[in-house]
Amino acid sequence: MGNPALRAERDGPIGWLIFDNPAKRNAINEQMWRALPKAMAGFDADPEVRCVVLRGAGTTAFAAGADISEFEKRRANANAAGEHDNIIDAAQLALENSAKPVLAMIHGYCLGGGLEIALACDLRYCGASASFAIPAARLGIGYGVHGTNRLVASVGHAAAREIMLTGRRYSADEALAMGLVNRVLPDDELESFVRKLSSDLASNAPLSMAASKSIINSIIEPAGDFSRGEALIARCAKSEDHVEGRRAFMEKRAPKFRGK
Ligand code: COA
């Protein structure tokens, strides 16, 4: 098994981005987050690439979120956590701001930062055994403005509140009912469906699709004053609960949160 990496591959007009860290259910480490905008810039600059598809290596997971084993070092204090969040934001913005259609092909676990990434794609298709969650409240993390905005834009505020406050796992059918994904396919048909769809998109008019993407992005652009929310995110990053959340995951035990 190779080192964890984000692999970028081109297959005709389709650019593939693959989260390759199967030993950790394709968890995304900092190097992979940083590689994503660079890989997207390569696809954006290549006129031969007409559509981009993200997936996890294998079929067990799209991505089980950010690599929690790095949190002790990368999120050691509020400044470091803010920097880590910025790197994660930049990866998502690279997908959202690309002029090309971007699809997430979701097998298996799509959790936390993995779901954030999927929500920054234009289209999401999953296999019937996929599962979804944002367990920020099980890790003592404040979830960012852009990620929360994309979630609310997809599922509405009622479902977004349940997803965020419970941190619970949702099945593929529940995800479809909430609007988290566009369609559920039998597991063994997902890849052929996505290959056919992405090749159809690759033959559509690029300028027309770019215009639609840009307009939809502007319509859902977060508006308002987020300074209070951002202060609360920073408070999470400084909290004892944030330390407890990551330690509990690494020690394979339930966290004990105290609101401090
Ligand atoms: N970061 C770091 N390591 C992770 C990880 C993550 N996000 N997700 C899984 N792993 C690691 C586990 O620590 C374990 O490592 P080990 O073999 O050294 O013990 C390995 O991947 C397999 O995970 P395990 O929990 O044993 O497999 P599972 O099939 O029982 O459960 C998950 C899979 C994805 C449900 C579970 O690993 C999980 O809940 N992961 C964390 C999800 C999360 O909170 N993501 C949000 C982060 S922003």
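Is at least one residue of segment 222-229 touching a Ser or Thr at 6+ places or on another chain (Cβ under 6 Å) and surrounded by fewer than 17 Cβ atoms within 10 Å (Cβ to Cβ)? Spell out how you get there, then give the answer.
At the first step, the residues of segment 222-229 found to be touching a Ser or Thr at 6+ places or on another chain (Cβ under 6 Å) are none.
Looking through segment 222-229, none of the residues is touching a Ser or Thr at 6+ places or on another chain (Cβ under 6 Å) and surrounded by fewer than 17 Cβ atoms within 10 Å (Cβ to Cβ).
Within 16 Å of the ligand (Cβ to nearest atom) and at positive phi: is that true of Gly114 in this structure?
no
Condition first: under 23 Å from Leu111 (Cα atoms), of a type in the set (A, V, I, L, M, F, W, C) and out of contact with any Gly (no Cβ under 7 Å at 6 or more places or on another chain). Now tell me which residues in segment 19-61 satisfy that.
Hits for segment 19-61 are Ala23, Met32, Trp33, Ala35, Leu36, Ala39, Met40, Val53, Leu54, Ala57.
Is there a residue in segment 231-253 that is under 23 Å from the mean Cα position of the chain (by Cα), surrounded by 15 or more Cβ atoms within 10 Å (Cβ to Cβ) and β-branched (Val, Ile, Thr)?
Yes: one or more hits.
Please go through segment 175-218 and pick out each residue that is in a helix (DSSP H, G or I) and under 15 Å from Arg150 (Cα atoms). Before the answer, list the steps.
If we filter segment 175-218 for residues that are in a helix (DSSP H, G or I), which is where we start, we get 175-178, 187-202, 206-218.
Of everything in segment 175-218, those that are in a helix (DSSP H, G or I) and under 15 Å from Arg150 (Cα atoms) turn out to be Ala175, Met178, Lys213, Ser214, Ile215, Ile216, Asn217, Ser218.
How many residues are more than 18 Å from Glu96 (Cα to Cα) and touching a Lys or Arg at 6+ places or on another chain (Cβ under 9 Å) if we restrict to segment 48-61? Before you say what the answer is, go through the steps one by one.
First, pick out the residues of segment 48-61 that are more than 18 Å from Glu96 (Cα to Cα): 48, 56-61.
Imposing the further condition that a residue be touching a Lys or Arg at 6+ places or on another chain (Cβ under 9 Å) reduces the set to 48, 56-57, 60-61.
Selection size over segment 48-61: 5.
Are any of the residues in segment 39-50 under 27 Å from Glu244 (Cβ atoms), in contact with a Pro (Cβ under 9 Å, 6 or more places away or on another chain) and of a type outside the set (Asp, Glu)?
Here is the first cut: in segment 39-50, the residues under 27 Å from Glu244 (Cβ atoms) are none.
Within segment 39-50, not a single residue is under 27 Å from Glu244 (Cβ atoms), in contact with a Pro (Cβ under 9 Å, 6 or more places away or on another chain) and of a type outside the set (Asp, Glu).
Is it the case, given these coordinates, that Lys24 is at pLDDT below 95, surrounded by fewer than 19 Cβ atoms within 10 Å (Cβ to Cβ) and not aliphatic (A, V, I, L, M)?
no
Residues Asp85, Asp67, Asp11, Asp44: which one is among the charged types (D, E, K, R) and in contact with a strand residue (DSSP E or B) (Cβ under 7 Å, 6 or more places away or on another chain)? Spell out the reasoning first.
Numbers: Asp85 fails: in contact with a strand residue (DSSP E or B) (Cβ under 7 Å, 6 or more places away or on another chain); Asp11 fails: in contact with a strand residue (DSSP E or B) (Cβ under 7 Å, 6 or more places away or on another chain); Asp44 fails: in contact with a strand residue (DSSP E or B) (Cβ under 7 Å, 6 or more places away or on another chain).
From the options Asp85, Asp67, Asp11, Asp44, the qualifying one is Asp67.
Looking at segment 137-172 only, could you name the residues that are surrounded by 15 or more Cβ atoms within 10 Å (Cβ to Cβ), assigned to a loop (DSSP other than H, G, I, E, B) and in contact with a Ser or Thr (Cβ under 7 Å, 6 or more places away or on another chain)?
Gly140
The values are calculated or read from the model by the stated rules, or taken from the named source; none is laboratory data. Given the structure is predicted, the values throughout are model-derived calculations rather than measurements. Neighbour counts are summed over all protein chains in view; Cβ atoms, including those assigned to glycine, are modelled from backbone coordinates with ideal geometry.
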